[in-house]
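Coordinate-derived values only; no laboratory data. No experiment lies behind these values; they were computed from the predicted model shown. Neighbour counts run over all protein chains shown; Cβ positions are idealised from the backbone, glycine included.
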């Protein structure tokens, strides 16, 4: 078996992947060998131990499931393990919860199939809750008792049940993924449920803004910058989430068919959303684009950030909403008004769910390819007519 000596790094290994004059990589700095499989799509990491003048190879993981950075971060653990017990075998690559959590966090950062919002949620759950609470525990020490005393009990004093459930789901996901890839042994955590620890039902957050209060919203909007006005109006008009609204680009709009296509990469659930645009919104967008051009901005975003090359940040977009709400309601309140008013106006519940981009069942999938575009447009026409009748001028900008 031909061996090539290199300095290990993630980029160097990728470059060497399809060079066929060797099958093994070695770095003199580490007791590690990387052996490529026959098709060179995968490889195996081996820990090399010297004893009585011989080299003993112990397989510890597969590449590219675990990169060199992953191996390097946990190498000292296995050096100690093999020194104390030379005959021990690798049954779990990760020893502690923090090493497992950091691996999952790095993996999620490069996962193109999940949205940036989801990546931020994973990072928040791992860095703010999972690692601080149970990161120092060995994976073998995680059981019902430690989860109750060290994970759920501290969280329940500061977090709502719905927030705790989000953190729990991410903890469960990282254990499940590691088990599937055989990076840890079978673990009882993946079979546990949130209700095993928290018995109280999660109560929906009460409505903080009602449709009857839209006159106050309209009054507060008028005194704000056009960018703030446009952000609020688009969320109120279409029920879109703030995360996807703040990242809208001009080329997501088709003014020939009067539709807005929001790609899955910026939606919360990863599903693309198509939104009909009514004549009132077309006029608003034309007015807003003209305003941007007068201010010498001809970039791609409706709501550019400070650097102009990126959209406004999540933190900044929430502060934009707060300038109108005065901290009395949030962007979600606008979405709730949209959803509830659609039902009051007689819109089919299945259509209403699709309009706010909730996950759809088989029945709804049948709807999509037949009548949904027409039903969506009819629903928005009805809703926007009601908005304009109830609060005249609320779907237009006030530019001074």
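Looking only at the range 230-262, which residues have a backbone nitrogen under 12 Å from a spot 7 Å from the Cα of residue 283 in the C-beta direction?
none
By count of other Cβ within 10 Å, fewest leading, how are 332, 241 ordered?
332, 241
Given the options 134, 65, 228, state which has the largest fluctuation in a GNM of the chain using a 10 Å cut-off (strictly under) for Cα springs.
Highest fluctuation of the listed residues: 65.
Suppose R0 equals 60 Å; then what is the FRET efficiency for residue 349 and residue 293 from their Cβ-Cβ distance, rounded to the nearest 0.05?
Calculated value: 0.90.
So, in nm, how far is label residue 326 from label residue 386 when the simple model puts each one 7 Å beyond its Cα toward the Cβ?
In this crude label model, residue 326 to residue 386 measures out at 2.7 nm.
Modelling each spin label as a point 7 Å along the Cα-to-Cβ direction, I'd like the residue 161/residue 72 distance in nm, to one decimal.
Inter-label distance under the simple model: 4.6 nm.
Going by alpha carbons, how many degrees (0 to 90, nearest 10) lie between the helix axis of 314-325 and the longest principal axis of the chain?
So the inclination is approximately 30 degrees.
Please give the length that would be gained between residue 169 and residue 195 if that part of the chain were fully extended, namely 0.36 nm times their separation in residues minus their C-alpha to C-alpha distance (nm, one decimal).
8.2 nm
Of all DSSP beta bridges in the chain, what percent run antiparallel (nearest 5)?
About 90 percent, rounded to the nearest 5.
Could you give the length gained by full extension between residue 50 and residue 182, i.e. 0.36 nm per residue of separation minus their alpha carbon distance, to one decimal place?
Length gained between residue 50 and residue 182: 44.9 nm.
Please order 152, 390 by the number of other Cβ within 10 Å, starting at the fewest.
Ranking 152, 390 by Cβ neighbours within 10 Å, fewest first, gives 390, 152.
Once both axes come from the Cα atoms, what is the angle between helix 372-390 and the longest principal axis of the chain, in degrees from 0 to 90, rounded to 10?
The helix 372-390 is inclined about 50 degrees to the chain.
Mean-square fluctuation check for the chain, GNM, Cα pairs under 10 Å: which of 36, 303, 253 is largest?
Of the options given, 36 has the highest mean-square fluctuation.
Provide the FRET efficiency to the nearest 0.05 for the residue 377-residue 119 pair, computing r from the beta carbons and using R0 = 45 Å.
0.85
By how many degrees, 0 to 90 and rounded to 10, does the Cα axis of helix 226-238 deviate from the longest principal axis of the chain?
Tilt of helix 226-238: around 90 degrees.
Running a GNM on the chain with Cα contacts under 10 Å, which residue among 122, 242, 60 ends up with the highest mean-square fluctuation?
60
Mind checking the full-extension length gain between residue 256 and residue 146? Use 0.36 nm per residue of separation minus the Cα-Cα distance, one decimal, nm.
Result for the pair: 33.7 nm of gain on full extension.
Out of these labelled values of volume of the Cα convex hull per residue in Å³, (i) 204; (ii) 255; (iii) 195, which was calculated from the coordinates shown here?
(iii)
Roughly how many nanometres apart are two label points built 7 Å out from the Cα toward the Cβ at residue 313 and residue 62?
Once both label points are built, they end up 4.0 nm from each other.
Between the range 23-78 and the range 145-223, what is the separation of their alpha carbon centroids in Å?
One Cα centre to the other: 38 Å.
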